[in-house]
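Q: One structure coming up, written as structure tokens, with questions to follow.
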Amino acid sequence: MNRRRFLVSAGALALIPSFARAQDRPLKYADMHTHAGVGKRIDTLRTLMADNGMLILARTIATDRPVTHTVKGRITVAREAQPGELAANFEDRLARLHATIRREGLIEIVSAATLEYVLAKREPAAVIAAEGGDFLEGSLQRLETARRGGLVHLQLVHYRVSEIGDISTEAPRYNGLSAFGLEVVAACNRLGILIDIAHGTSALIEQTLELSAQPVIYSHGQVSSAAPYYTQRVAAARSIHLPLARKVAEKGGVVGIWANGSSYRTLGRYADALLELATTLGAAHVGIGTDMDGMTTMVVPTYREFSELAELMAKRGVGAADLDNLLGGNYIRVLKRALAAEIKT
């Protein structure tokens with residue numbers, strides 16, 4: 001960690017509020033992908049987390065939003081972005097998210113040191129994540145600036161075929177990662193940024209797994225036995241092919257299942273899906289990315305469902321250690337490794 005980053009981390013720790021009230025249960029769960037509170041004010045999010053065992057949220061900024069729209073349930077690009085538009089939008093939303101996190105009384109995880117503090121103190125915390133590297137607009141300098149600004153989790157692509165690579169719901173342009181996308185993967189490893197391959201094509205996922213020196217995550221979606229294709233309905237097109245999910249696990253990463261009510265009609269069926277995947281990949285390689293407030297129909301609409309989900313899974317025979325890992329520990333492990341890998345300068 002460079003001197004400036006150390007000072008930022010030390011300052012962040014000094015500003016962390018002290019809360020004395022006893023928690024109903026130890027905080028240990030983590031959500032790998034959430035929009036919780038987007039478009040509305042939630043001053044009680046910290047309480048909601050603390051009361052339901054939620055330790056860490058990956059609070060996501062959808063970086064292509066200014067130029068996308070929804071047509072018949074499918075998000076597509078509405079127009080070309082103006083030069084600098086997506087970068088400026090990201091900077092604005094990042095500043096507002098910082099303010100939201102402070103207002104909600106959460107610790108912001110910006111380094112290995114702050115993550116260790118959160119794990120030691122068990123105080124509700126947030127990780128800032130970008131859903132899509134569209135804001136980079138082809139510049140690695142913007143990635144370095146974003147990292148200094150607190151970004152620690154980057155989903156490479158979203159709903160716009162960007163300078164980084166192909167997306168799962170549109171015809172491919174690069175056959176995976178672009179030349180710039182290859183540089184972004186390497187830079188994330190160097191900067192201590194966790195790489196997220198959700199929304200990517202199978203080719204992009206395969207290439208990222210080959211190139212990254214660190215484990216990667218597929219934060220939210222579902223696994224398919226057949227190879228997904230962009231012309232399928234969105235949920236199917238967005239799937240990760242099972243052979244690639246196995247490779248994510250083999251590399252030490254995590255595959256996150258979203259709480260999509262259209263895919264999983266009940267919380268019990270969602271629990272079954274998590275356990276089925278854990279049987280296939282191993283309990284150390286499955287997690288939850290709810291996509292909360294990013295979808296209209298959800299089986300986990302608030303964090304109150306996590307305790308019920310834990311009970312359902314325990315009744316299905318999941319041991320305590322595996323249960324903790326599935327509901328958050330696996331994400332925390334790969335996040336810790338990514339942050340620890342940051343090159344010290």
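None of the figures in this text is laboratory data; all of them are computed from the coordinates on show. Model, not experiment: these values are computed from the prediction. Cβ atoms come from the backbone with ideal geometry, glycine included; neighbour counts cover every protein chain shown.
Q: So for the chain, taking the charge dipole from beta-carbon charges (+1 Lys/Arg, -1 Asp/Glu), which of 107, 309, 273 sits furthest toward the positive end?
A: So the residue we want is 107.
Q: Ranked by Cβ crowding within 10 angstrom, fewest neighbours first, how are 251, 121 ordered? Mind dumping the intermediate values first?
A: Numbers: 251 17, 121 14.
Fewest-to-most Cβ neighbours within 10 Å comes out as 121, 251.
Q: Which distance in nm do the two modelled labels at residue 340 and residue 120 give, with both placed 7 Å along the Cα-to-Cβ direction?
A: Distance between label points: 1.6 nm.
Q: Using helices alone, I'd like the mean residue ellipticity at 222 nm for the chain: each DSSP H run of four-plus residues gives -39500 (n - 2.57), total over residue count, nearest 500.
A: Numbers: 13 runs with 135 residues, N = 345.
Calculated mean residue ellipticity at 222 nm is -11500 deg cm²/dmol.
Q: Stretch residue 297-residue 262 to full length: gain in nm at 0.36 nm per residue minus the Cα-Cα span?
A: Values: separation 35, 0.36 × 35 = 12.60 nm, distance 0.66 nm.
Computed gain between residue 297 and residue 262 is 11.9 nm.
Q: Could I have the simple spin-label model distance between residue 80 and residue 232, label points 7 Å from Cα toward Cβ, reported in nm to one decimal?
A: Calculated label separation equals 3.3 nm.
Q: Please figure out what share of the DSSP beta bridges in segment 26-340 is antiparallel and state it in percent, rounded to the nearest 5.
A: Antiparallel bridges make up about 20 percent of those DSSP assigns within segment 26-340.
Q: So what does the Cα-only Debye profile of segment 32-132 read at q = 0.13, 0.16, 0.24 Å⁻¹, as log10 I(q)/I(0), no solvent term?
A: -0.54, -0.76, -1.28
Q: What are the residues whose amide H is under 5 Å from the amide H of residue 153, where those residues sit 5 or more places off or on another chain and H is modelled from the backbone?
A: 130, 194
Q: Which log10 I(q)/I(0) values does segment 146-186 give at q = 0.20, 0.28, 0.34 Å⁻¹ under the Debye formula, counting every alpha carbon as one identical point scatterer?
A: These q points yield log10 I(q)/I(0) values of -0.62, -0.96, -1.16.
Q: At each listed q (0.13, 0.17, 0.19, 0.21 Å⁻¹), what is the log10 of I(q)/I(0) that the Debye formula gives for segment 100-227 modelled as equal alpha-carbon point scatterers?
A: For the requested q values the scattering log ratios are -0.55, -0.87, -1.03, -1.18.
Q: Only four residue types carry charge here, +1 at the Cβ of Lys and Arg and -1 at the Cβ of Asp and Glu. Report the dipole size of the chain about the Cα centre in Debye, rounded to the nearest 20.
A: Computed about the Cα centre, the dipole is about 520 debye.
Q: Compute from the Cα atoms of segment 204-345 the Rg and the Dmax, the latter being the longest Cα-Cα distance, and quote both in angstrom.
A: Considering segment 204-345 through its Cα atoms, Rg and Dmax are 15.1, 49 Å.
Q: Under a 5 Å amide H to amide H cut-off, with H placed in plane at 1.01 Å, what residues pair with residue 165 once short-range neighbours are removed?
A: Here the answer is 178, since their amide H atoms fall under 5 Å of that of residue 165.
Q: Additional query: Could you sort out which of 28/315; 28/72; 28/251 sit more than 28 Å apart by Cα distance in this structure?
A: Long pairs (Cα-Cα over 28 Å): 28/72.
Q: Now for a separate question. For each of 230, 270, count neighbouring Cβ atoms within 10 Å of the residue's Cβ, then give the residues from fewest to most.
A: Listing 230, 270 from fewest to most nearby Cβ atoms yields 230, 270.
Q: Can you run phi through the Karplus equation (6.51, -1.76, 1.60; θ = phi - 60°) for segment 73-89 and list ³J(HN,Hα) in whole Hz, with x for Gly and Pro?
A: Here the 3J(HN,Hα) series is x, 10, 7, 9, 6, 8, 7, 6, 6, 6, x, x, 5, 6, 5, 5, 4 Hz.
Q: Report, as a whole number in µm² per second, the diffusion coefficient that Stokes-Einstein gives for the chain at 10 °C and 1.306 mPa s using the Kirkwood radius over alpha carbon pairs. Could the numbers behind the result be given before it?
A: Numbers: Rh = 19.9 Å.
The calculation lands on 80 µm²/s.
Q: Once phi is turned into θ = phi - 60°, what whole-Hz ³J(HN,Hα) does the Karplus curve with 6.51, -1.76 and 1.60 give for every residue of segment 230-240, x standing for Gly and Pro?
A: 5, 7, 6, 4, 4, 4, 6, 4, 6, 5, 9
Q: Across segment 189-205, in residue order, what do the Karplus-derived ³J(HN,Hα) couplings come to in whole Hz, using 6.51 cos²θ - 1.76 cosθ + 1.60 with θ = phi - 60° and x for Gly and Pro?
A: Ordered by residue, 3J(HN,Hα) equals 4, 5, 8, x, 10, 6, 8, 10, 9, 4, 6, x, 6, 4, 5, 4, 4 Hz.
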